[in-house]
Amino acid sequence: MSLIVQDGEPVLRKTSASVPTELFGTPELNSILKDMKETLDGQPDGVALAAPQIGISYRIFIVRYDRIVPPPPEGEPFPPAEVGIFINPRFVKSAKRRVEMDEGCLSVRGIYGKTQRHNRATVEAFDADGVRFERGGGGILAQIFQHETDHLNGILFVDHATDMIEVNREKHA
């Protein structure tokens, strides 16, 4: 498990490199993905994580789908962890309509603001074995795709957020 780097670290402001074809299906890539999953698992309020957030300048992000659905009724078990892996993602479609959304970031702890995001987006990416796929979504999933892709391009949500507030809370390690 890695520490999540915070705003001010140069890796967060760099455009990440594409994952080379020869890295797909290797122990090295699997190790990066395992580290990303373990790191995200350790952040109960986190729904997604980009590789630069753990200091790795590759175009990779992961999404915890089970954390973007409403919690189960009291007494019911939480769904098992379901992680989506997006390597070398690119947008293939996005809605013209933008919506204002509340946003925060594991690399900008304690700061929240409002962002304008496309309300629907479709991403083309590769899985850990190099198989190409497309995944579309609306609402929070579209927001995640845009937020995480911003990370891969050296952009943080605070660069374009409005109505920012600081919330005092204990930092997560």
| query | For N168 and T122, FRET efficiency with R0 = 30 Å and r from the beta-carbon atoms, rounded to 0.05? | reply | 0.20
| note | Total charge of the residues flanking P52 in space, meaning their Cβ is under 12 Å from its Cβ, with Lys and Arg +1 and Asp and Glu -1, is -1
| How many nm separate the modelled label positions at V99 and L23, each set 7 Å beyond the Cα in the direction of the Cβ? | 3.4 nm
| request: Calculate the dipole size of the chain relative to its Cα centre from +1 charges on Lys and Arg beta carbons and -1 charges on Asp and Glu beta carbons; express the result in debye to the nearest 20. | output: 640 debye
| said: Apply the Karplus curve 6.51 cos²θ - 1.76 cosθ + 1.60, θ = phi - 60°, to the phi angles in the range 38-45 and return the couplings in whole Hz, x for Gly and Pro. | reply: 5, 5, 5, 4, x, 10, x, 8
| query | Taking neighbour Cβ counts within 10 Å as the exposure measure, how do R90, R59 sort from fewest upward? | reply | R90, R59
| said: Below 8 Å, C-alpha to C-alpha, sequence gap of six or more: please give me the relative contact order for the chain in percent. | reply: 25 percent
| request: Would you mind computing the Rg to Rh ratio of the range 75-173 from its alpha-carbon coordinates, Kirkwood style for Rh? | output: 1.01
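Read the figures in this text as sums done on the coordinates, not as results from a lab. What you are looking at is a predicted structure, and each value in this text was computed from that prediction instead of being measured. Glycine gets a Cβ as well: all are built from the backbone with ideal geometry, and neighbour counts include every protein chain shown.
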